[in-house]
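S.K.: One structure is given below, represented as structure tokens, and several questions about it will come after.
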Amino acid sequence: AHLAALVLARGGSKGIPLKNIKLLAGVPLIGWVLRAAVDAGVFHSIWVSTDHDEIEKVAKQFGAQVHRRSPEVSQDSSTSLEAITEFLNHHHEVDIVGNIQATSPCLHPSDLIKVADLIQKEGFDSVFSVVRRHQFRWSEVKKGENKMTEPQNLNPAKRYRRQDWPGELYENGSFYFAKRHLIEKGYLQGGKMAYYEMRAEHSVDIDIDIDWPIAEQRVLSFGYFGKEPLKEVKLLVCNVDGCLTNGRIYVTEDRKEMVSYDYRDLVGIDLLKKRGIQVRLISERDCSKTLSAMQLGCIAKVSATNKLQVLEDWQKDMGLNWKEVAYLGNEESDMNCLKKAGMSGVPADACVVAQKAAGYICKSSGGCGAVREFAEHIFLLLEKVNSARKQ
């Protein structure tokens, strides 16, 4: 049976414009679930149903195919079932749909693998995700009604301790898997049903109960970052023009060049050094005088015609695994370095080619705090590495 992953991501959003591709911890929101779906290795095809060109570009960047949904199922009032049904009408090869919510960025491949087994090997017609919660419920008393509230799932005289009560299962909206015959009848849950209980820390739903800054912290702590485990970064290589500076060159009447930089970026470099991370600089032009004047104390390679070769030489000389190398670039000439490094980033104003190759897109532009921001991102991921070691 053909099992297809389907992420619904229309361009309109009542809350956050183009929320589905808004950067969350440096990755477009939809990218987190697409990465998990691709690495799960259980889907015969992975699709994003959208009505927006920018979402289509991001979806393809993360390995998904795109179904262009019609205006009829792209309204605020349109339901998920309507969009899924339209998708099936155009893709007759699909037997089972795994509808994955873009707003669940802490989804892991291991969850999807187990659910695929439930529906493909154990014969369930539909499987959906739940989370266990320990919350006491009370009956609602509407305004103006002269009556008391009543306990729904507890005895107030004998309140459970958390450790003595198993709690209750609630849908968390991360995914809904269903066979075609159910969807064609008009529902996603039915037939032989099963739930899949997700870990509470992986149950993050931005739509319902979490805001963006909190979600970023949750993702950095519990998100899925790829098949290979993260390693401690020991080297950051930073492009000078467009990353450390804003890329502008000022020329005086006596033909002297001047550039501007942000003091926050120098602080970021200093913080990296204090954490034992070596920082090296690279540039396609000869900016040795400028770097000397900035007194950064960093090894630098200027007039670099082949940045990747320089990066490989440094990596070998230091005896580092690629996972221990971070790279901050902004131009097409940085693309191969961004792809090779274990951790990669670009400023907000980097070219499109560089943005597609990077794992993290800064909120700050080049020369305006991007280096400091990327340093903070490295520190947060190092906390994740240290936490994993302790576990």
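S.K.: Given the conditions (1) touching a residue at least 24 places away in the same chain (Cβ under 8 Å); (2) within 29 Å of residue 35 (Cβ to Cβ); (3) buried (at least 22 other Cβ atoms within 10 Å of the Cβ); (4) not aromatic (Phe, Trp, Tyr), which single one is not true for residue 376?
M.R.: Of the numbered conditions (1) touching a residue at least 24 places away in the same chain (Cβ under 8 Å); (2) within 29 Å of residue 35 (Cβ to Cβ); (3) buried (at least 22 other Cβ atoms within 10 Å of the Cβ); (4) not aromatic (Phe, Trp, Tyr), the odd one out for residue 376 is (3).
S.K.: Something else now. Which of the residues belonging to the range 55-87 are under 24 Å from residue 354 (Cβ atoms), open to solvent by 40 Å² or more (accessible area, probe 1.4 Å) and in contact with a helix residue (DSSP H, G or I) (Cβ under 6 Å, 6 or more places away or on another chain)?
M.R.: 61, 62, 63 - these are the residues of the range 55-87 that are under 24 Å from residue 354 (Cβ atoms), open to solvent by 40 Å² or more (accessible area, probe 1.4 Å) and in contact with a helix residue (DSSP H, G or I) (Cβ under 6 Å, 6 or more places away or on another chain).
S.K.: Would you confirm whether or not the range 200-209 contains a residue that is farther than 30 Å from residue 366 by Cβ, surrounded by 15 or more Cβ atoms within 10 Å (Cβ to Cβ) and either aliphatic (A, V, I, L, M) or over 22 Å from the mean Cα position of the chain (by Cα) (or both)?
M.R.: Yes, there is a match, as at least one residue in the range 200-209 is farther than 30 Å from residue 366 by Cβ, surrounded by 15 or more Cβ atoms within 10 Å (Cβ to Cβ) and either aliphatic (A, V, I, L, M) or over 22 Å from the mean Cα position of the chain (by Cα) (or both).
S.K.: What pairs come out if I take residues in the range 340-353 that are at pLDDT below 90 and pair them with residues that are open to solvent by less than 40 Å² (accessible area, probe 1.4 Å) and of a type in the set (Ser, Thr, Tyr) whose C-beta lies under 7 Å away, six or more apart or interchain?
M.R.: none
Each row is one residue, and each column tells you yes or no for (1) open to solvent by 60 Å² or more (accessible area, probe 1.4 Å); (2) touching a strand residue (DSSP E or B) at 6+ places or on another chain (Cβ under 6 Å); (3) among the polar types (S, T, N, Q); (4) free of Cβ contacts under 8 Å to residues at least 12 places away in the same chain.
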{"site": "310", "(1), (2), (3), (4)": "no, yes, no, no"}
{"site": "317", "(1), (2), (3), (4)": "yes, no, no, yes"}
{"site": "328", "(1), (2), (3), (4)": "no, yes, no, no"}
{"site": "366", "(1), (2), (3), (4)": "no, no, no, no"}
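S.K.: When the range 257-305 is examined, which residues are found to be among the hydroxyl-bearing types (Ser, Thr, Tyr) and surrounded by fewer than 18 Cβ atoms within 10 Å (Cβ to Cβ)?
M.R.: Listed by number, the residues that qualify are 260, 263, 288, 292, 303, 305.
S.K.: Can you name the condition, by its number, that residue 213 falls short on among (1) without any contact (Cβ under 8 Å) to a residue 24 or more places away in the chain; (2) open to solvent by 40 Å² or more (accessible area, probe 1.4 Å); (3) of a type outside the set (Gly, Ala, Ser); (4) part of a loop (DSSP other than H, G, I, E, B)?
M.R.: With respect to (1) without any contact (Cβ under 8 Å) to a residue 24 or more places away in the chain; (2) open to solvent by 40 Å² or more (accessible area, probe 1.4 Å); (3) of a type outside the set (Gly, Ala, Ser); (4) part of a loop (DSSP other than H, G, I, E, B), residue 213 is out only on (4).
S.K.: Now, a different point. Return the pair list, or none, for Cβ contacts closer than 7 Å from residues in the range 124-143 that are without any contact (Cβ under 8 Å) to a residue 12 or more places away in the chain to residues that are exposed (fewer than 13 other Cβ atoms within 10 Å of the Cβ) and among the charged types (D, E, K, R), at least 6 apart or on different chains.
M.R.: 141/147
The values are calculated or read from the model by the stated rules, or taken from the named source; none is laboratory data. Note that the structure is a prediction, hence the values are computed from the model and not measured. In this analysis, Cβ positions are derived from the backbone assuming ideal geometry, glycine residues included, and neighbour counts consider all displayed protein chains. Each accessible area value is taken on the protein alone, full model and side chains, heavy atoms only, with ligands, DNA and RNA left out. Shrake-Rupley method; radii C 1.70, N 1.55, O 1.52, S 1.80 Å.
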